[in-house]
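S.K.: Here you go, one structure.
The numbers here are math on the coordinates, done by the rules we state, and not lab data. Keep in mind the model is a prediction, meaning the values are calculated, not measured. Please note: Cβ atoms are built from the backbone with ideal geometry, for glycine as well, and neighbour counts cover all protein chains shown.
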Amino acid sequence: MLLHEVPRAQLFFPTADQSTCRDAEMLAFAAILATLDDPFYDPPEHLVKYETPQQRRSYTAWASKLRDDLIGDDSGYDQVVPPRSDARSAGGDGWFADEFSAAGTVVGLQIRFFKVESVKASEGAMRLKVWVRCKWQDSRLAWNASEYGGITWLPFLGNSLSAPEDTEIWLPDLQPYNTITGIIDSLDAAVAQVSSDGTVFWSRPGLLDVMCKFSGLVAFPYDSMRCSIEVGGWALDGNMQGIKLGQGPGNDKGYDINFQEQSQGTSYQEYEIRNVTADLVNYQYPCCPYYWPNAVYRITLQRATSYYEFFIIYPVIILTLCSFFPFYMSFEVGERLSYGITLVLCMTTYQALATAMLPVCGELLWIELFNFYCFIFSM
């Protein structure tokens, strides 16, 4: 018999059969030894102060028992079947009530944009360092905290529905539609945090390699390039999985950008994120009777212009101004012709070198017109 199964009065107060002090001492000594074998025993709170249930001595035992009751072989939990959302069980109140999935749950989506790793305008590709956060309700994972040592949240393994050996609970089916590499390979596996009310929070760091249809390149190098990322379900439609932006009341934005960490952002890079917007849209496909909800992220990138100003714009302006010097020279000076020819050759050579810095696109750029008119004036 373990200590938590023995009445406290029997441990610390002698009964009629325990008439001697020696018997009481032996019983107390046996009780102390029992605590060493009882994983559910916690010292009294007047002796040890606990800030959280995780600091209790019995946390490991209660957590293991809770995990076995929730997802063990006898629990009946199926990680492939989506959970039923209880968004309208309280009469339509709550954060999930606005976007209700008919047969499944609603997933709150938020992407934190941590850093721009690379942008290839000519290839229409962009790589971002992000944190993808998901939040949803799974009533099958709810429990009464008072029955499990006061535990209010519990970790579970989470990788992907397509990797069941590394996944213990149901996970959302979300995929960027214009990704180059699937997020199964580009995002790291992470632990999902489940609260006692069944709320699941799952955050994963990783990279997003997306194909972009860039726009706004005409004003190069003073352009603000824009790229859209569409995130939605791949196998689960809106009938089984809804999407909502944000992580709850007071945090209803589908994106997050801040500079709390010292390592966020870059000091020496060509592009930086200037603005992000997120909206929800529904797509309909001939193959499927239900709509497919998508979160569309529109990212605006700002280019660092000082490099192009000093190596493309300013030198061309100086050469163009120098082309007017022969008009102020005397007619007797024989070097006027050679000076003009040398200047035209310099302008042609420099523009050939500057062309390698220009992005390849199907639009007529402002900088190309600028170089053309400067070449005309230099002649």
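S.K.: Between GLU165 and LEU345, what is the label-point separation in nm under the 7 Å Cα-to-beta-carbon projection?
M.R.: About 6.9 nm, to one decimal.
S.K.: Then there's this: Hey, fewest Cβ within 10 Å first, where do LEU369, LEU109, LEU280, LEU245 land in order?
M.R.: Placing the least packed residue first, the sequence is LEU369, LEU280, LEU245, LEU109.
S.K.: In addition: How far is the Cα center of the stretch 176-234 from the Cα center of the stretch 306-379, in Å?
M.R.: Spelled out, the Cα-based centre of one part sits 43 Å from the other.
S.K.: Moving to a separate point now. Using r as the Cβ-Cβ distance of PHE377 and PHE331, and R0 as 22 Å, what FRET efficiency do you calculate, to the nearest 0.05?
M.R.: Calculated value: 0.55.
S.K.: Further question: Between VAL191 and LYS213, what FRET efficiency follows from the Cβ-Cβ distance if R0 is 45 Å, with the result rounded to 0.05?
M.R.: Efficiency at R0 = 45 Å is approximately 0.80.
S.K.: Now, a different point. Sticking with the crude label model, points 7 Å out along Cα→Cβ, report the distance from ILE257 to LEU369 in nm, one decimal please.
M.R.: About 2.8 nm, to one decimal.
S.K.: Between ARG298 and ASN239, what length in nm is gained on full extension when 0.36 nm per residue of separation is reduced by their alpha carbon distance?
M.R.: Length difference between fully extended and current span is 18.7 nm.
S.K.: Still on this structure, I have one more. Obtain the nm distance between the two label points defined at ASN275 and SER338 by a simple spin-label model: each point lies 7 Å from its Cα along the Cα-to-C-beta direction.
M.R.: Spacing of the two 7 Å Cα→Cβ label points: 5.6 nm.
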